[in-house]
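Please read the structure below before turning to the comments.
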Amino acid sequence: MAEDDSSESSEGESLPCLASLLGLSPRLGEPSRPRSPSPDAQMEDAVEMFSSKSEEMDEEVEGGEQILSALQAANYSCVFENHAVPCSITWRRKTVSSQMGGGDEWTEEPNVLVLLGLKEFLSMNADGCAERQETLQNYVTGVMEQMPGKILAMAVVGVENYFRSLQVQTKQRLRRSSVSGSQNKRGKRRKKEVDDSGLDLTRTDVEEALVDLQLSTQVQISIFESNEELGEYATMFTKAVAEAPYKRERENTGFSFYLEKGCCGGVKVDPSGKGLLKVWKRQIQQFNRVSSEMAEAIVSAYPSPQLLIQAYERCSSDQERENMLANIPVHRGEGVTATSRRIGPELSRRIYLQMTSHDPDLCLDITG
C-alpha cells in the first residue's frame, strides 16, 4: 500500500493533502498532542478509501463526499488508491515502534467496508429473484475471493426511499386509471410501466435476500436512508476498528475479581463518615444471589461490620452464629404487590464464615 506517487497528485490537485498518512488522535474530534506512547496511542489509525481514480470519487462512490467529510471532521486522515474491489474502505494503523520514532511502519487491519450503489444492489436482488447469473451472493463471494482473510461488511443507501417512490408511483397510476375509467387500459398501462422499470422487486424480496446472504456468508449489509447517515456509520466503524486491539488487550490483562468502573461505581465517603453505610451494603451485595433488598435488610439490622462481629461474640455456639441472620425479614414491593421472605440459613452461614474465618482458601459458596 504505497503512500502516493507524484502522478496521482498531478491528476487530482484538489486532494494534495490526502497523499500522506498522518498520526491521528484516537479520540474523535480531539487534535493530536505530543505525548509518550500509551495504550491509547496504539489506537492511532488511518483510513484508506479505494476507488479507480481519486478525482472521480464523488461520481463513482455514492456518498463518498459525505464519508470523506465525516472522517476528516473526526480527525482521521484518508488516502485514495486503486484496489481490486472498487468503492471499498480499509484501515491500517501505525505500529508501536513507528510511534516511538522508529520510522513509519503500518499494519493493515482485517476489516473492509464495501459501498454498494443502489442500482447495483437492486439489480443483483432482482437477478436473484429471476434466477439469472449475477446475484447478491455471487457478488459477495467474488469480493471475498478477491480479498481473502478480510472481515467483510457492506453498506447501501436509498433502499427505503426507492420503495417509497414506488408506492407514490403506484398511487399515481391508480389515480390516473380511476380518472380514465377504463379497466382494460388500466391493466395494460400498469403492465407496461412495470415492464419499463426493468425491476420486478418487492421489499420482501430484498429482506429475504439479506437474510439468505447473512446465513450463507456471514456478511451483513447495512442499509441507510441518507448519505449523511452513511458518513456517520463510517466514522463509528473507523473508531471501532481503531479501539479494537486496545479493548482486547484490556480484557486479557484484567482481573476477574475487579469490578470495572462501568459495572459498579465507587461510593464516596466524606470525613464525617457519610457513605460508610453504602459501602457496607455493597460489600454484602458481593455475595452470590444477594439482592439489594436482602443487603438492605441486613444493613438495617446491623449498620456496621463491627456491630455484626459483636453480635456473633454474644452467641453461645457456632450453630447459633451461623443461623443468626436467617430470620431477618426481607420486604419487597409496596401495597398489594408487597412480598416478604427471610434471609435464610444458607446466606446467614456464608456471611458468618466470611466475617469470622481465618482460612484464605475457604470456599463460601460451593454452588456459586
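Taken together, the values in this text are just the output of simple stated rules run on the coordinates, not laboratory data. What you are looking at is a predicted structure, and each value in this text was computed from that prediction instead of being measured. Here Cβ is always computed from backbone atoms with ideal geometry, including for glycine, and neighbour counts include all displayed protein chains.
For ASN327 and GLN218, a Förster radius of 45 Å and the Cβ-Cβ distance give a FRET efficiency of 0.20, rounded to the nearest 0.05.
Each label was represented as a point 7 Å from its Cα along the Cα-to-Cβ direction; for PHE163 and ARG203 these points are 0.4 nm apart. Need one number: nm distance between label points at THR170 and ALA338, each 7 Å from Cα along Cα→Cβ, rounded to one decimal. Modelled inter-label distance: 5.7 nm. Along the axis of the charge dipole computed for segment 276-356 (Cβ charges of +1 for Lys and Arg, -1 for Asp and Glu, origin at the Cα centre), the listed residues LEU277, GLY344, GLN306 are led at the positive end by LEU277. Summarising the label geometry, the points placed 7 Å from Cα in the beta-carbon direction at ASN138 and VAL85 lie 1.8 nm from one another.
Among the trypsin sites (Lys or Arg not before Pro) in segment 284-357, those located in a DSSP loop and surrounded by at most 13 other Cβ atoms within 10 Å of their own Cβ are ARG289.
Each of LEU325, LEU307 was scored by other Cβ atoms within 10 Å of its Cβ. Arranged with the fewest first, they read LEU307, LEU325.
Using 0.36 nm per residue and subtracting the Cα-Cα separation, the extra length available between GLU145 and GLN286 on full extension is 45.7 nm. The order of LYS150, LYS247, going from fewest to most other C-beta atoms within 10 Å of their C-beta, is LYS247, LYS150. Residue exposure proxy: LYS274, LYS281, ordered by other Cβ atoms within 10 angstrom of their Cβ from fewest to most, comes out as LYS274, LYS281.
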